[in-house]
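Laboratory data are not the source of any read-out in this text; all were calculated from the coordinates shown. Computed from a prediction, not measured in an experiment: that's the story for all the values here. Reconstructed Cβ throughout: ideal geometry from the backbone, glycine too, with neighbour counts over all protein chains shown.
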């Protein structure tokens, strides 16, 4: 079984997934741009039963562009978001791809909120597109 290890910058908060991701996506919504400090967010979704969380986290509940809520967990020491739980998908845990620090991590297959995508961003061929 594959293992994917995610961590905050200081290493205090970790998430270890003992499975392959169910979905890897890019989100261009303005809330994700603000949350990441980048022009989009990239996350991998795993079944919650396959993810082990260690360390302390602070939770922030965000209401998305279409009204859905997600519970973001970030390190209270260094501030990095290591995982979140979309309330609409209670059996799933989403982990920001950058927290794996693995350049060989699989590419995204889905891109959402593309109507907010920066004009210079280029996406992988074959990715599913959603406005």
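Computed from the Cβ-Cβ distance with R0 of 25 Å, the FRET efficiency linking residue 129 to residue 63 stands at 0.55. Modelled this way, with points 7 Å down the Cα-to-C-beta line, the labels at residue 71 and residue 3 are 2.6 nm from one another.
Computed over the chain, the per-residue total of -39500 (n - 2.57) for DSSP H runs of n ≥ 4 gives a 222 nm mean residue ellipticity of -1500 deg cm²/dmol, rounded to 500. Mind telling me which of 103, 21, 76 comes out most flexible in a GNM of the chain, alpha-carbon contacts under 10 Å? In the Gaussian network model the winner is 103. Comparing 114, 66, 54 in a Gaussian network model of the chain, where Cα atoms under 10 Å apart are tied by springs, the biggest mean-square fluctuation is seen for 66. Note: relative contact order over the chain, using C-alpha pairs below 8 Å and six or more positions apart, is 28 percent. Springs join every pair of Cα atoms under 10 Å in this Gaussian network model of the chain, and among 110, 51, 22 the largest mean-square fluctuation is at 22. Between residue 22 and residue 115, the contour length at 0.36 nm per residue exceeds the alpha carbon distance by 31.0 nm. If one computes the Cα centroid of the range 47-82 and of the range 91-131, what distance in Å separates the two points? One Cα centre to the other: 18 Å. Relative intensity of the range 4-120 on a log10 scale, I(q)/I(0) at q = 0.09, 0.10, 0.24 Å⁻¹, equals -0.21, -0.27, -1.64, per a Debye sum over C-alpha point scatterers of equal strength in the absence of solvent.
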